[in-house]
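Structure first, commentary second.
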Amino acid sequence: MQSLRTLFITALTLIVTVMFGTMIATAKIGKKDAKTVAKISKHFSSVPTMMGEFVQFGPNGEQTGGRFFIKRPGNVRFDYAKPSPILVKADGKTVGIHNRKLKTWDFFPLSKTPLKLLLANRIDVNDKSIKSVKTERDLTTVILGDKTIFGNSKITLMFDPKSFDLRQWTITDNQGKDTSVMIFNVQRNVKLNQRLFRMDQRAILRKQRGED
């Protein structure tokens with residue numbers, strides 16, 4: 001089973017890439033590539049909510065997947081499909097990772113994680129974040145790296161060159177191992193109930209301590 005740290009990084013990776021369009025407008029790249037990036041950014045900034053499915057391929061060939069929901073600012077949910085027992089949520093203040101099998105929760109302050117930036121309405125990112133942009137007939141590829149968030153790892157994002165929709169991405173970790181994610185059946189600008197992201201941290205912690 002993946003460690004909580006790996007699952008948390010995976011969740012952050014999903015956020016980075018799904019919300020990528022809001023964080024790349026200030027990159028110092030060539031004029032042509034900058035125009036491409038600006039179009040991607042404009043496309044994604046016009047989508048405050050989205051939901052869909054994802055399939056994740058790990059560095060050892062393992063495969064997981066599930067559904068995701070995003071509502072800016074500050075809200076996200078990743079439901080990993082069985083046999084994975086993991087659920088990841090952010091409710092605007094707190095990030096929670098729930099292991100349904102073990103009936104445990106781990107919490108992180110949203111303000112102390114990159115999610116605070118990545119789920120904001122407006123995001124300012126170091127202009128060195130974008131390492132390269134490559135536009136081909138059937139694919140636009142952007143490589144993103146930021147040591148302040150991901151250390152020495154990098155993310156390769158692949159977009160449709162006409163619609164600017166995100167197709168898939170690959171994260172390369174500090175050990176050079178790749179994890180690839182494909183998203184599909186994406187619905188944009190959908191109405192999402194706030195209950196999807198809600199979690200009563202105090203009640204959960206009391207229950208885990210056996211106080212209820």
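What follows draws every value from the coordinates through simple rules; no lab data is involved. Since this is a predicted model, take the numbers as computed values, not measurements.
Taking amide H positions as modeled 1.01 Å from N, with prolines and chain starts lacking one, no residue 5 or more places away or on another chain lies under 5 Å from residue 84. When a/c is below 1.5 the answer is rounded, else prolate if a/b is larger than b/c, else oblate, so apply that to region 155-212 with a ≥ b ≥ c taken from the square roots of the Cα gyration tensor eigenvalues. In terms of gyration-tensor shape, oblate.
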